[in-house]
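J.: Here it is, the structure in full.
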Amino acid sequence: MWSDLKPVYRYPILILGMLSLVIGTLAGLARLGSLVPEIALQQAAQHGVLMIPAFFGTVIGLERAVAIGQRWAYAAPLLTGVGGVVLLLGAPPAMAIALLTFGSLVFLIASIKVLRIQQAVHNWILLGGASGLFIGNLLLLNGQAVSQLLYWWIAFLVLTIAGERLELSRLVIRDPRKRLGLALLSAIPLAGAAIGTLSPSIGLLLFALGLAGIGVWLLLFDIARRTVRLDGLTRFTAVCMLAGYGWLLLSALLFLGLALGESGVGRDAALHAIFLGFVFSMVIGHALIIFPAVTRLKIPYSPLFYLPLLLLQLSLLLRVAGGLGGHAGLLIHGGHLNALTLGLFILTLVGSILRGQWGRRGRRVAGS
């Protein structure tokens with residue numbers, strides 16, 4: 001009853017999350033004034049909901065369920081995936097948000113389960129990230145605007161990535177003080193998000209300092225500094241990580257400028273530096289590791305994956321420059337290229353999956 005779910009049954013959950021990603025991306029273009037399909041236009045106000053709790057909540061929840069290996073844990077990504085689709089179908093937003101909230105609650109319980117299995121520092125950080133997702137969703141269910149709770153969702157993504165990177169670097173980072181240092185730094189964005197409900201400026205200042213601290217720690221100690229000297233997939237992943245850490249630091253500086261009232265700092269630049277620059281650099285870098293673990297599909301590495309990575313960096317530079325310089329045209333063009341980047345990455349990923357399946361089939365034929 002409690003045994004793991006077979007990979008073939010994980011695919012529908014993954015597809016649910018991908019639907020939220022596709023429509024959420026188009027909804028973001030609608031917010032820039034672009035012509036998009038009607039379903040995306042109707043969801044323009046729900047862009048953040050579709051991208052974070054519906055998409056990332058689903059794919060990260062699925063990854064956590066695979067790690068636990070028990071069927072009950074798959075309720076988390078199933079609920080968040082269905083919540084995103086319910087929103088797309090035009091159901092009352094409260095129904096979709098309730099599903100997202102219950103899904104994130106199961107995800108939180110699953111993270112507690114992981115911590116009980118292994119009392120490790122990285123699992124405490126992952127638990128902090130899961131708490132950020134649940135609290136943000138709960139506040140959304142309680143009627144708060146996305147702009148008020150967004151920092152909880154950011155903490156969810158940043159702490160999840162930080163915890164996973166610490167786990168991957170466990171053989172290199174043996175000093176318990178360094179590991180504890182990252183855990184303490186990871187608590188700061190959560191504290192900033194909490195204090196922000198009472199004092200937005202102080203909360204944002206603390207939040208930005210926490211992001212900066214995590215970014216500096218990752219640049220100094222993450223295993224990517226060593227593996228970038230290697231070849232193939234290992235180097236590609238490291239390049240993605242290091243680029244992402246740079247964007248995390250820039251985002252922290254931009255949030256710091258917002259907290260200090262700097263008029264030249266645009267909120268769009270700060271948010272997309274972290275969501276696209278940091279988070280999606282991580283997605284591109286980890287996809288060839290995580291997707292095979294979740295789907296059991298062979299996804300061979302190809303240097304072609306550098307194309308979406310490069311386009312992501314260039315398009316985001318254009319968007320951030322437009323936001324900081326007050327050039328709406330640059331910002332919009334950068335946003336269009338951001339969407340094109342995600343499409344190119346998905347096509348490259350699908351092409352690699354097909355190449356892996358053809359290669360496996362060819363070996364079977366040759367061996368028969």
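Each value in this text was obtained by applying a stated rule to the coordinates, not by laboratory testing. Computed from a prediction, not measured in an experiment: that's the story for all the values here. When we count neighbours, we look across all protein chains shown, and the Cβ atoms used for this are built from the backbone with ideal geometry, even at glycine.
J.: Can you tell me how the chain classifies by the Cα gyration tensor, rounded, prolate or oblate, using a/c under 1.5 as the rounded cut?
T.: Values: a/c = 1.21, a/b = 1.17, b/c = 1.03.
Because its axes are fairly even, with a/c under 1.5, the chain counts as rounded.
J.: Here's something else I'd like to know. Between residue 89 and residue 262, what is the label-to-label distance in nm when each label sits 7 Å out along the Cα-to-Cβ direction?
T.: 4.6
J.: Rounded to a whole number, what is D in µm²/s for the range 47-103 from Stokes-Einstein with the Kirkwood radius over alpha-carbon pairs (4 °C, 1.567 mPa s)?
T.: Translational D for this selection: 118 µm²/s.
J.: With springs only between Cα atoms under 10 Å apart, run a GNM on the chain and tell me which of 249, 185, 304 wobbles the most.
T.: Maximum among the listed residues: 304.
J.: Hey, another quick one. Report, largest value first, the span of the C-alpha coordinates of the range 223-356 along each principal axis, in whole Å.
T.: 50, 31, 24
J.: Here's something else I'd like to know. Have a look at 180, 256, 317 and tell me which one the Gaussian network model of the chain (Cα, springs below 10 Å) gives the largest fluctuation.
T.: 180
J.: Residue 6 versus residue 35, label points 7 Å from Cα toward the beta carbon: distance in nm?
T.: My value for the distance between the label points is 4.6 nm.
J.: Sequence neighbours fewer than 8 away in the same chain don't count; with that in mind, list the lysines whose C-alpha is under 19 Å from residue 298.
T.: Leaving aside lysines fewer than 8 places away in the same chain, those within reach of residue 298 are 6.
J.: Would you give the gap between the C-alpha center of the range 209-258 and the C-alpha center of the range 75-128, rounded to a whole Å?
T.: The range 209-258 and the range 75-128 have Cα centres spaced 26 Å from each other.
J.: Let me ask something else about it. Have a look at 216, 82, 350 and tell me which one the Gaussian network model of the chain (Cα, springs below 10 Å) gives the largest fluctuation.
T.: Of 216, 82, 350, the Gaussian network model singles out 350 as fluctuating most.
J.: List the lysines whose alpha-carbon lies under 25 Å from that of residue 178, not counting same-chain residues fewer than 8 positions away?
T.: 113
J.: Turning to a different aspect of this structure: Separation between the residue 350 and residue 333 pseudo-spin-labels, each 7 Å from Cα along Cα→Cβ, expressed in nm?
T.: Label at residue 350, label at residue 333, 2.8 nm between them.
J.: Using the Cα centre of the range 1-117 as origin and beta-carbon charges of +1 (Lys, Arg) and -1 (Asp, Glu), tell me which of 66, 100, 26 is placed farthest towards the positive end of the dipole.
T.: 66
J.: Restrict the search to the range 101-178; then list the trypsin sites (Lys or Arg not before Pro) that DSSP places in a loop and that have at most 11 other Cβ atoms within 10 Å of their Cβ. Don't skip to the end; give the middle numbers.
T.: Details: sites: 113, 116, 165, 170, 174, 177, 178; in loops: 170, 174.
Counting only loop positions with at most 11 other Cβ atoms within 10 Å, the trypsin sites (Lys or Arg not before Pro) in the range 101-178 are 174.
J.: What's the extension gain from residue 142 to residue 199 if we count 0.36 nm per residue and subtract their Cα-Cα distance? Can you show the working numbers first?
T.: Numbers: separation 57, 0.36 × 57 = 20.52 nm, distance 1.94 nm.
Value of the extension gain: 18.6 nm.
J.: Do any trypsin sites (Lys or Arg not before Pro) in the range 232-306 lie in a loop, going by DSSP, with at most 16 other beta-carbon atoms within 10 Å of their beta carbon, and if so which?
T.: Numbers: sites: 235, 267, 296, 298; in loops: 296, 298.
Counting only loop positions with at most 16 other Cβ atoms within 10 Å, the trypsin sites (Lys or Arg not before Pro) in the range 232-306 are 296, 298.
J.: Here is a further query. Can you give me the C-alpha center-to-center distance between the range 52-66 and the range 269-291, rounded to a whole angstrom?
T.: Here the two parts' Cα centres lie 14 Å apart.
J.: If a/c stays under 1.5 just call it rounded; otherwise compare a/b with b/c (prolate if a/b is bigger, oblate if not). Do that for the range 1-117, with a ≥ b ≥ c from the square roots of the Cα gyration tensor eigenvalues.
T.: On the way: a/c = 2.52, a/b = 2.19, b/c = 1.15.
Judged from the Cα gyration tensor, the range 1-117 comes out prolate (a/c at least 1.5, a/b above b/c).
J.: Right, next: For the range 152-258, just the Cα set please: Rg and Dmax, both in angstrom.
T.: 14.4, 49
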